[in-house]
Amino acid sequence: MARNHRSHYFGGDEKPRIEIIPMIDVMMFLLVFFVLIMTEMIQGAGIKLDLPQSSTAQNMETVKITVGVTQDGKLLLEGKSIEEGMLTAKLREMLQTKKVDVVIAGEKTTRYQDIVKVMDLCRETGIVAIGLATQTG
């Protein structure tokens, strides 16, 4: 009799089940959430910047590398923080194996001098295809 009493509380002889449908719902929600977040970021940079508007902006055909410049002048290479010396070394290394096109993405409030400094770093390595990222519209 004790055995029947115990099985009544623990579900008897039924095997436990894992419900898949709620897990799929949660995974789809996470997928949609991350896709929406990624559409707000610059392609290749992985950072969210508030770009200035330009009426003459054009899409670049071959973008190989994106250098971000934050408001406080910090450099980002493909979304990761990098120092000036490491940036030039990385650009020289890439230039030895293939043609490199650089897009500089600076926020609206980034100092013009910081943008020019990045352009000079790129030119020192021999890169002449340099573009500035803007928003169209």
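The values are calculated or read from the model by the stated rules, or taken from the named source; none is laboratory data. Nothing here was measured: the structure is a model prediction, and the numbers come from that model. Every residue, glycine as well, gets a Cβ built from its backbone with ideal geometry; the counts of neighbours run over all protein chains shown. We work out accessible area using only protein heavy atoms, side chains counted, and drop any ligands, DNA or RNA first. Shrake-Rupley method; radii C 1.70, N 1.55, O 1.52, S 1.80 Å.
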Estimate the FRET efficiency between residue 23 and residue 81 by the formula 1/(1 + (r/R0)^6), using the beta-carbon distance for r and 35 Å for R0, to the nearest 0.05.
-> 0.45
Counting only protein heavy atoms and leaving out ligands, DNA and RNA, the solvent-accessible surface of residue 90 at a 1.4 Å probe, in Å² to the nearest 10, equals 90
Placing each pseudo-label 7 Å from Cα in the direction of the beta carbon, residue 120 and residue 72 end up separated by a distance in nanometres of 2.3
Computed FRET value (nearest 0.05) for residue 132 with residue 89, which takes r as the C-beta separation and R₀ as 41 Å = 0.95
Mind giving me the nanometre distance, one decimal, between the label points for residue 34 and residue 51, set 7 Å out from Cα along Cα→Cβ?
-> 2.4
